[in-house]
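Comments concern the structure below.
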Amino acid sequence: MINTKNITKKFGKLTALDNVSVTFSKGECIALLGPNGCGKTTLIKTLLGMVVPDSGSIYFNNELIAGKWMYRSRIGYMPQIGRYPENMTIANVIDMMKDIRKESNEKPDEELVNAFGLKNLMQKKMRTLSGGTTQKVSAALAFMFHPDVLILDEPTAGLDPLLSEKLKQKIIREKENGKLILITSHILSELDNLVTEVFYMQEGKLLFHKKLSALKEETGEIKLSKAIAKIMTAQELV
Amino acid sequence: MKKILKYVIVDIAQNKIVLIYTLLLLVISLTVFNLEDNAAKGMLSLLNIVLIIVPLICIIFSTIYIYNSSEFIELLVSQPVKRRTIWLSIFSGLASSLSLAFFIGAGIPVLLFEFSATGITMIVTGILLSIIFVAIALLASVKTRDKAKGIGVAILLWLYFSIIFDGLVLFILFQFSDYPVEKFMIGVSALNPIDLARVLIILKMDVSVMLGYTGAVFQDFFGNQWGIIISGIILTAWAAFPLMLSLRRFNRKDL
């Protein structure tokens, strides 16, 4: 569903993405892993067209995305740090997004708005919100317009355990609906029963791309966190 | 386009600065017309104030507004909206609200006290200047990521166009006073929209004493009619060119 071919992006001297070629296919739930600053967020932002790669090409449903914008109506994006116009209330932001994104007669999916209790906070201005509440708004917006692809950048960071469990259940339901889900997270234990594939990046390069089952088999571990730890230590030895 | 423009305009309207700017212009123009017994004299005083204030407010307000909208821009860029639409909506929102402020604040008093071709030229030029300095602000802010630096650049640009440029022109004139530099000076005056606006209005007013050096050469070279048409075209280019450059830059910008 999404392909990238040899994308490279440099920020000054730093190479954030180094010749990355990946294929994300429909119905998978993919974990993008790697140490801090390895280029995960940059990769996500290039998929969304927020960052323009220096070279290489990106395809969405076999169509080149450079300069295109309509394809983004099929993506729900939850940023790592959501930034919203400070003077708007939650209701303003949600109404604006509905105004911009409503295309069909499909009813917006407000399940998360209700589950997160955002209804009581609707009149609060964005600048007064805590980090966690901002995350709730980001999550609710990402799922609202029935996207085929969900891109979640550190979705559970800042959410309390109860809410992050609700979010996880929602992700699982969407996965079962056959959507492509891309997640980056540092909390590997959370990803265990979610993901089907693992992408591991380091210093802007794609280190490996494996099915979760294959990864577990190779390392002989049941837990994702242990499997990754094993691979990382093996890398260091080399 | 319409949808995004609506949000930009509502946002600018909620910000009281444009309203205060309108009132400020209104107070200035009413005072000026009431102080002078002759409306033509009032026009001249108003012209000099407008040529300083309009560019200053337009460039500073627009620059700060764009930096403050960074969240709005970031939010929209990840949505199914063309970048071009986002940028042009911000431009149109700023340009239309500041032009409207100028029209209400200075345009209506001018129409009341001096309803003539000169008055109308002044209003049109003031609106053009507003649009030009919004476009320049867009270019300055898209090129610099740092807010303090961007606002600094905007202030320097205003200083350059309002004060430094005239100094440079005088300097060149004195240095080369023995040579025939008239035609060269025409070219030079096109490099500054404020200068050009002044020439345009004064050509219309027909007060040759006020023309200044570039103005005198302009009138001599083109005659009134052509001078006005050509300076109008150049002023339009001054708005279109920075806008196009900033749009190109914004289309490739990383957010």
For this session: Evaluate the range B:23-35: report whether one residue or more is touching a Pro at 6+ places or on another chain (Cβ under 9 Å) and either within 14 Å of chain A (Cβ to nearest Cβ) or not in a helix (DSSP H, G or I) (or both).
Result: no
For this session: Just give me the residues in the range A:99-134 being touching a Pro at 6+ places or on another chain (Cβ under 8 Å) and at pLDDT 90 or above, in sequence order.
Result: A:MET126
Problem set entry | Boolean, B:SER62 is under 23 Å from the mean Cα position of the chain (by Cα), among the hydroxyl-bearing types (Ser, Thr, Tyr), part of a helix (DSSP H, G or I) and more than 14 Å from chain A (Cβ to nearest Cβ) | yes
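For the structure I just gave you, tell me whether B:ILE17 is within 14 Å of another protein chain (Cβ to nearest Cβ), farther than 25 Å from B:PHE161 by Cβ and over 17 Å from the mean Cα position of the chain (by Cα). Don't jump to the end; show me each part of the working.
Values: within 14 Å of another protein chain (Cβ to nearest Cβ): yes; farther than 25 Å from B:PHE161 by Cβ: no; over 17 Å from the mean Cα position of the chain (by Cα): yes.
Here the answer is no, as B:ILE17 does not meet what is asked.
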For this session: Check off (1) within 14 Å of chain B (Cβ to nearest Cβ); (2) more than 30 Å from B:VAL8 (Cβ to Cβ); (3) of a type outside the set (A, V, I, L, M, F, W, C) for A:THR46 and give me the number that stays unchecked.
Result: (2)
Problem set entry | Matching residues in the range A:144-199 - criterion: being of a type in the set (D, E, K, R) and in contact (Cβ under 8 Å) with a residue 40 or more places away in the chain | A:ASP148, A:ASP153, A:GLU154, A:LYS166, A:LYS170, A:LYS175, A:LYS179, A:GLU197
Problem set entry | Within the range A:148-170, considering residues that are acidic (Asp, Glu) and under 11 Å from A:GLN80 (Cβ atoms), the one surrounded by the fewest Cβ atoms within 10 Å (Cβ to Cβ) | A:GLU154
For this session: Look at the range A:99-129 and say how many of its residues are more than 11 Å from chain B (Cβ to nearest Cβ), among the charged types (D, E, K, R) and not in a loop (DSSP other than H, G, I, E, B).
Result: 3
For this session: State whether one or more residues within the range A:149-161 are more than 22 Å from A:PHE199 (Cα to Cα) and in a helix (DSSP H, G or I).
Result: yes
Exercise. Quick check: anything in the range A:172-181 out of contact with any helix residue (DSSP H, G or I) (no Cβ under 7 Å at 6 or more places or on another chain), part of a strand (DSSP E or B) and hydrophobic (A, V, I, L, M, F, W, C)?
Worked result: yes
For this session: Kindly provide the set of residues from the range B:242-252 that are in contact (Cβ under 8 Å) with a residue 60 or more places away in the chain and either buried (at least 18 other Cβ atoms within 10 Å of the Cβ) or away from chain A (no Cβ under 14 Å) (or both), ordered by number.
Result: B:PRO242, B:LEU243, B:LEU245, B:SER246, B:LEU247, B:PHE250
For this session: May I ask you to list the residues in the range A:16-29 that are more than 14 Å from chain B (Cβ to nearest Cβ) and over 14 Å from A:VAL149 (Cβ atoms)?
Result: A:ASP18, A:ASN19, A:VAL20, A:SER21
Exercise. So which helices (runs of 4 or more DSSP H) are wholly in the range B:69-124 and hold at least 3 residues that are within 14 Å of another protein chain (Cβ to nearest Cβ) and modelled with pLDDT of 90 or more?
Worked result: B:70-77, B:83-102
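Given the options A:ILE58, A:ILE81, A:ILE90, name the one that is within 12 Å of chain B (Cβ to nearest Cβ) and more than 17 Å from B:ILE4 (Cα to Cα).
Going through A:ILE58, A:ILE81, A:ILE90 in turn, the sole match is A:ILE81.
The values are calculated or read from the model by the stated rules, or taken from the named source; none is laboratory data. Here the structure is a predicted model, which means the values were calculated and not measured. Because the Cβ atoms are built from the backbone with ideal geometry, glycine has one as well, and the counts that use them run over all protein chains shown.
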